[in-house]
Amino acid sequence: MYYKDVANLVEYKDGAEFVTNQVPETNIIQGDLQSYGIEFMVKKKWII
């Protein structure tokens, strides 16, 4: 099981152009992230 809490996460908009854009700050998105879940692994022993 896991839980992850991130503050001030920085992401970029889809198709962001930083080289040709004179105001690159408009291509940045900042926010918070909360993620949680559970993972399982099943392994089968093969007998040959």
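Figures for the structure shown
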item: Relative contact order, percent, the chain [alpha-carbon distance under 8 Å, six or more residues apart]; result: 50
item: Extension gain, Val6 back to Lys45 (0.36 nm per residue minus Cα-Cα distance, nm); result: 10.2 nm
item: Filtered GluC sites (Glu not before Pro), region 1-35: DSSP coil and at most 16 other beta carbons within 10 Å; result: Glu17
item: Only Lys, Arg (+1) and Asp, Glu (-1) charged, at Cβ; the chain dipole about Cα centre in debye; result: 620
item: Value of D in µm² per second that Stokes-Einstein yields for the chain, Kirkwood Rh from Cα pairs, at 37 °C (0.692 mPa s); result: 224
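The numbers here are math on the coordinates, done by the rules we state, and not lab data. Everything numeric in this text was worked out from a predicted model, so none of it was measured. Quick reminder, even Gly has a Cβ in these numbers, built from the backbone with ideal geometry, and neighbours come from all protein chains shown.
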